[in-house]
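The values are calculated or read from the model by the stated rules, or taken from the named source; none is laboratory data. Everything numeric in this text was worked out from a predicted model, so none of it was measured. Every residue, glycine among them, receives a Cβ derived from its backbone with ideal geometry; neighbour counts consider all protein chains shown.
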Amino acid sequence: MAGVIENQKKSVVIVGGGVAGSLIARSLQFSADVVLIDQKDYFEIPWGSLRAMVEPSFAERIVINHSDYLTNVRIVASTATNVTETEVITADGQSLAYDYLVIATGHKDSFPRTRSERLSQYKSEFEKIKSADSILIVGGGPTGVELAGEIAVDFPGKKVTLVHRGNRLLEFVGPKASQKTLDWLISKKVEVLLDQSVNLDGVADGVYQTSRGETIKADCHFLCTGKPLGSSWLKETVLKNSLDTNGRLVVDEYLRVRDLQNIFGIGDITDIKEMKQGYLAQKHALVVRKNLKLLLTGGKESKMAKYKTGSEMAIVSLGRKEGVAQFPFMTISGCIPGKIKSGDLFVGKTRKELGLNPDH
Ligand SMILES: Cc1cc2nc3c(=O)[nH]c(=O)nc-3n(C[C@H](O)[C@H](O)[C@H](O)COP(=O)(O)OP(=O)(O)OC[C@H]3O[C@@H](n4cnc5c(N)ncnc54)[C@H](O)[C@@H]3O)c2cc1C
């Protein structure tokens, strides 16, 4: 009898094991035959990644094998390369048939495939920082700013230079938050160069040239420019007409890919007009979980939940105790955003959401 029930389960294939994909895989694992396809065999909590570069033991908490929180999911550690109306094809030659498909390939990363390789990478980045007297950070978005903050606070004796192509830091938030961030970095003796880029080709003896002809001397550099969207693999597939001109997946109010009944899109890859933030990617996952649970049990499409954009906020940590936060009606910086985010960087909370011990 148990076998009969098993055979009746529909298959849900989820592509992308980041913030949105890992959450929906976990929440559907006992409702369907779930397959998670991810380029790597672990989930990494993105908002803890810069702390992990200055404190390698932190990396142990943010790099989590998919198998540690997904007990009833088939995990396929390979890159999805094609999708048809019925299956997803992976780089290692597998064809995964689906009744429902969820695309959550937010941003493409070049992380190594295994957790232990990723942890070694964090150790070498830590050694690189520790042994350098001067460090160049290229890119003034959240990654570059948070890295500069971590280094400035944990290694105050090091000379940190941050170069950003735009005319203000953190362009995804308002100008007030950018200014507060700039003031904080300057107060920590980080040199910030705006409106210029750095040529990273042919750097000799630690001498870097900027597009404005300035010279920066640094023992090492970190490239913190944005990652490409993870939708290039869809461009020659049945979903090619579902991408907008920026390569984002066009979804309807139920987070279904436009005009398709059984394919959903969640997270940063979608064309929803809102900030691309992990807590919103998680909200998408919860709406699609609801809709899929309904459809998997034969519920009516007319009963599906709609995704509503709401008020947006962003908190960027500045070292271990401070931060800058943009809420709908105000921007604040200092210890209050620091208290909300910068101590543990929501890592314990995120681990708990995945059913794991928050501490280890
Ligand atoms: C430094 C930093 C700090 C941040 N801080 C916060 C914060 O405090 N709060 C917040 O809400 N948000 C924060 N964010 C933003 C947040 O991380 C993103 O919005 C979130 O990760 C988006 O989730 P996602 O699941 O859509 O995509 P991602 O998390 O980018 O996951 C995509 C996954 O898909 C995989 N993938 C891509 N292409 C393929 C393919 N073809 N085949 C198989 N797998 C593939 C990738 O390997 C990855 O695992 C921060 C981001 C950064 C970089």
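Annotations
- Residue check, ALA97 more than 21 Å from ASP268 (Cβ to Cβ) and either in the same structural domain as LYS10 (by TED's automatic domain parsing) or out of contact with any helix residue (DSSP H, G or I) (no Cβ under 9 Å at 6 or more places or on another chain) (or both): yes
- Condition check for VAL173: at pLDDT below 95, under 16 Å from SER317 (Cα atoms) and not aromatic (Phe, Trp, Tyr): yes
- Residue that is farthest from the chain's Cα centre (by Cα) [pool: residues in region 257-281 that are within 23 Å of PHE30 (Cβ to Cβ) and buried (at least 19 other Cβ atoms within 10 Å of the Cβ)]: ILE263
- Of the residues making up region 96-128, those that are more than 12 Å from the ligand (Cβ to nearest atom) and part of a loop (DSSP other than H, G, I, E, B) are TYR98, ASP99, THR114.
- From LEU70, LEU119, residue being under 22 Å from GLY267 (Cα atoms) and surrounded by 15 or more Cβ atoms within 10 Å (Cβ to Cβ): LEU70
- Within the option set ALA59, ALA32, being touching a residue at least 24 places away in the same chain (Cβ under 8 Å), within 15 Å of the ligand (Cβ to nearest atom) and buried (at least 16 other Cβ atoms within 10 Å of the Cβ) holds for one residue only, ALA59.
- Residue in region 76-90 that is under 18 Å from THR114 (Cβ atoms) and in contact with a His (Cβ under 7 Å, 6 or more places away or on another chain) present: no
- When the helices (runs of 4 or more DSSP H) confined to region 1-95 are screened for residues that are at pLDDT 95 or above and among the aliphatic types (A, V, I, L, M), those reaching at least 1 such residues are found at 19-28, 49-54, 56-62.
- Whichever residue in region 10-23 is among the β-branched types (Val, Ile, Thr) and under 18 Å from LEU249 (Cα atoms) and, among such residues, is nearest to the ligand (Cβ to nearest atom): VAL19
- Filtered by the rule that a residue be free of Cβ contacts under 8 Å to residues at least 40 places away in the same chain and in a helix (DSSP H, G or I), region 184-206 gives ILE186, SER187.
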